[in-house]
Amino acid sequence: MSDTDVNTLLVINDEIFAGTSSGIFKRNIAGITSVKAEIEDTNPVNVSLNPITNQCTISRKENFGNLEYSVFDVQGNGVLREQESDKSMSFSTLALSNGVYCVRVVSGVNTYSKLICVVH
């Protein structure tokens, strides 16, 4: 991964997961040689209580019309897809295995992503 904007980071044991608009990238922490940091959270999507045990709530700072929410596992397989017009939505994670997932929210031409960690 080169100069890619990272939207979300998650560390589990000695692995780091980076969520970008291109997908999820995993790397052993020992293999990281440099970090470019720019502090600015312009992502209007929030995910509550991460790690998640039973239920995930996704909210947005503004209501900007119909959105498509999708959840993908680390292999890129879609495990959930819904459309929503409310400012927030919740879904059960009980059917998901423990692990890291990418929540992708699409509104028109804009796409926002967040990583979640499911731990039962």
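The values are calculated or read from the model by the stated rules, or taken from the named source; none is laboratory data. No experiment lies behind these values; they were computed from the predicted model shown. Ideal geometry is used to build each Cβ from the backbone, glycine not excepted, and the neighbour counts take in all protein chains shown.
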Looking only at the range 76-91, decide whether some residue is at pLDDT below 75, out of contact with any helix residue (DSSP H, G or I) (no Cβ under 8 Å at 6 or more places or on another chain), over 18 Å from Val119 (Cβ atoms) and not in a loop (DSSP other than H, G, I, E, B).
no
Under 7 Å between Cβ atoms, which residue pairs at least 6 apart in sequence (or on different chains) link something in the range 12-33 that is closer than 21 Å to Arg104 by Cα and free of Cβ contacts under 8 Å to residues at least 40 places away in the same chain with a partner that is among the basic types (Lys, Arg) and in a strand (DSSP E or B)?
Ile16/Arg27
Would you please list the contacts, defined by Cβ atoms under 8 Å and residues six or more apart or on different chains, that run from a residue in the range 101-119 that is in contact (Cβ under 8 Å) with a residue 40 or more places away in the chain and exposed (fewer than 15 other Cβ atoms within 10 Å of the Cβ) to a residue that is of a type in the set (Lys, Arg) and not in a strand (DSSP E or B)?
none
Output the residue which, of all residues in the range 58-73 that are at pLDDT 70 or above and among the polar types (S, T, N, Q), is surrounded by the fewest Cβ atoms within 10 Å (Cβ to Cβ).
Asn66
Failed item, numbered, when Leu96 is tested on (1) part of a loop (DSSP other than H, G, I, E, B); (2) modelled with pLDDT of 80 or more; (3) surrounded by fewer than 16 Cβ atoms within 10 Å (Cβ to Cβ); (4) not acidic (Asp, Glu)
(3)
